[in-house]
1. For the stretch 16-111, what does the convex hull of the Cα positions come to per residue, in cubic angstrom?
2. Only residues of the stretch 28-56 count here: report those whose backbone N is under 20 Å from the spot 7 Å along Cα→Cβ of residue 76, or say none.
3. Please compute the length gained on full extension between residue 171 and residue 146, using 0.36 nm multiplied by the number of residues separating them and subtracting their Cα-Cα distance.
4. Quick one: among 30, 58, 50, which has the greatest mean-square fluctuation in a GNM of the chain with alpha-carbon springs under 10 angstrom?
5. Using the alpha-carbon atoms, what tilt in degrees (0 to 90, nearest 10) does helix 34-51 show relative to the longest principal axis of the chain?
6. Which Rg and Dmax, in Å, describe the Cα atoms of the stretch 1-43?
7. Do you know the relative contact order of the chain, to the nearest whole percent, from alpha carbon pairs under 8 angstrom that are 6+ apart?
8. Given Cα pairs under 8 Å that are at least 6 residues apart, what percent is the relative contact order of the stretch 74-171?
């Protein structure tokens, strides 16, 4: 449905313009639809089976039934330089940024993660304002990153749909 691609584009605008620490933008985004969206859905189920992690198949079915999906992540986000200790390190320069590789790369500055959370909320709000159903999904982000659909250290996906009843609840 082409209309939902437009919704995803407006969600990306909302995420891009969301407030960010010190006005520094570390976000990366990509809209996924068409065959790439179906491949992502299949790979999500495969990931769950391969790793033994629950609900990747369930979320993959949601993604397969969606019309579009917005990926929002952070890439090589520098620390905010506030020396706040929220990340577990007292001095920002001592944070070993992106030294651990797993489903995501980290650790990351707590403020950069907050920036991403605010961007995700802004994007989801835009979907709601446009009457599209959505759900923020960690599993879609983890598999999209593994597939190389987005070059990000930490990423979440927001699939969107417009049906008579939200496909993302009562699962």
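1. On the way: hull volume 11.7 nm³, N = 96.
In the stretch 16-111, the Cα convex hull volume per residue is 122 Å³.
2. Once the point is set 7 Å along Cα→Cβ of residue 76, 28-30 turn out to lie under 20 Å by backbone N, inside the stretch 28-56.
3. Numbers: separation 25, 0.36 × 25 = 9.00 nm, distance 2.49 nm.
The residue 171-residue 146 span can extend by a further 6.5 nm.
4. Result for the chain, Cα springs under 10 Å: 50 fluctuates most.
5. Between the helix axis and the principal axis of the chain, the angle is about 70 degrees.
6. Calculated on Cα positions, Rg and Dmax stand at 13.3, 39 Å.
7. Working: 327 pairs, mean separation 51.6, N = 171.
Value for the chain: 30 percent.
8. Computed value for the stretch 74-171: 26 percent relative contact order.
Any read-out appearing in this document is the output of simple, stated calculations on the displayed coordinates, not a laboratory observation. Source: prediction; values computed, not measured. All Cβ positions, even for glycine, are placed from backbone atoms using ideal geometry, and neighbour counts span all protein chains on display.
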